[in-house]
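Worksheet: the structure to be examined is printed underneath.
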Amino acid sequence: MDRQEVLNKFVRHVVSQAKKNLTQKNKKASSKLYNSIKGEAKAFPNSIGIYFEMEEYGFYQDQGVRGANPSNVSKNAKIRGQQAPNSRFKFGSGSHSGTWNTFMGNLEKWAKRKNIRLRDENGKFKKGNYKTIAQVIGRNIYARGLKPTLFFTKPFESAFKNLPEDLVEVFGLEAVEMFDDILKQNLKR
């Protein structure tokens, strides 16, 4: 197999496994995210180029996001503590796009789609609209962060280990550097 074929196989494997992982972790995964996962490889005489892309929030879902302040999590929350203590992303850092209103709007749509309702301590439905639900959930997510799913990272690392040693040696590939480059390329858009 020539270099281009090996690289194409690598990219196809990462994309297909990432999509598979995404749907396994969330049966009703966003079709927008699922359809946005793409990759491309190019073998040049003295170098190679490997490119992956997906919706920006896919990288946050994959890598997780550190919470702004886990001590602000509601005392009634089932999930407590920092969800992604080692993530390169953090809520409130201001280093990536997105606004609170966009976040709330997306949570409101999600709560409506999932038919999530407020309940009292006895399990009976309480008054409150989807905007209220989004505020409650959003504040807790912002405070504690998002747990990493690694739906993309795991297939990337697995496929990287299966690349022929001579290809890795010749081009001095390192998985961490390659993955960081992919993140930088996608988060600039």
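Coordinate-derived values only; no laboratory data. Keep in mind that this is a model prediction, so the values were computed, not measured. For neighbour counting, all protein chains shown are included, and Cβ atoms are generated from backbone atoms with ideal geometry for every residue, glycine included.
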With viscosity set to 1.002 mPa s at 20 °C, what whole-number translational diffusion coefficient in µm²/s follows for the chain from Stokes-Einstein and a Kirkwood radius over Cα pairs?
115
Name the long-range amide H neighbours of Lys90: under 5 Å, sequence gap of 5 or more, or other chain; modelled H, no Pro or chain starts.
Arg66
Per the charge dipole of the chain (beta-carbon charges, Lys/Arg positive, Asp/Glu negative, Cα centre), the residue among Gln61, Ser31, Ile137 reaching farthest to the positive end is Ile137
Determine ³J(HN,Hα), in whole Hz, for all residues of segment 55-62 in sequence, where each value follows from phi through the Karplus function 6.51 cos²θ - 1.76 cosθ + 1.60 and θ = phi - 60°; x replaces Gly and Pro.
3, 4, 5, x, 5, 5, 5, 5
Out of every Cα-Cα pair in segment 86-145, what percent are more than 16 Å apart?
51
Roughly what angle does helix 100-114 make with the longest principal axis of the chain, taking Cα atoms, 0 to 90 degrees, to the nearest 10?
80
